[in-house]
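Only one structure is covered here, and it is reproduced in the block below.
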Amino acid sequence: AVGLHGQTKDGEVVKVSVPKDCMIVQIGEALEVKTGGFIKALPHAVVPYKQKEKSLSRNTMALFIDPSPQNTLDIPLERSE
C-alpha cells in the first residue's frame, strides 16, 4: 500500500493511518536515548505511488533538530534500557 509505513515492536511492517486534519511527528533516536528508551524512535519508510495514469501528491516538511556534537547523550540513571 502507498504511504507511510512503520515497524511495530514485533518487527511487523504496517501502513500508518493518519486521521484527517492530523499530522505525524517522527521522533528520532536522540530522544530515544535521552529518555532511556521510554520514547521509541520508529523505523519507517515511505512507499511511493507507482501508477502513471493517476497523480498523487505527498506533502512533507522535514525539520531536523540534533543535539550539539559536544553534548553527550547519556541514558538517564533511572532507566536501564
So R79 clears everything in (1) modelled with pLDDT under 80; (2) not in a loop (DSSP other than H, G, I, E, B) except one condition, right? Which one?
(2)
Close pairs from the stretch 24-39: first closer than 18 Å to L63 by Cβ and charged (D, E, K, R), partner open to solvent by less than 50 Å² (accessible area, probe 1.4 Å) and outside any helix (DSSP H, G or I), Cβ under 7 Å, at least 6 apart
E29/A41; E32/A41
Hits in the stretch 31-48 (condition: surrounded by 14 or more Cβ atoms within 10 Å (Cβ to Cβ) and on the phi < 0 side of the Ramachandran plot)
L31, E32, V33, K34, T35, A41, L42
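Kindly check whether there is at least one residue in the stretch 49-56 that is modelled with pLDDT of 85 or more, among the hydrophobic types (A, V, I, L, M, F, W, C) and in a loop (DSSP other than H, G, I, E, B).
There is no residue in the stretch 49-56 that is modelled with pLDDT of 85 or more, among the hydrophobic types (A, V, I, L, M, F, W, C) and in a loop (DSSP other than H, G, I, E, B).
The values are calculated or read from the model by the stated rules, or taken from the named source; none is laboratory data. The structure displayed is predicted, hence computed values, not measured ones. Neighbour counts run over all protein chains shown; Cβ positions are idealised from the backbone, glycine included. Remember, those area values only see protein heavy atoms, side chains included, never the ligands or the DNA or RNA. Shrake-Rupley method; radii C 1.70, N 1.55, O 1.52, S 1.80 Å.
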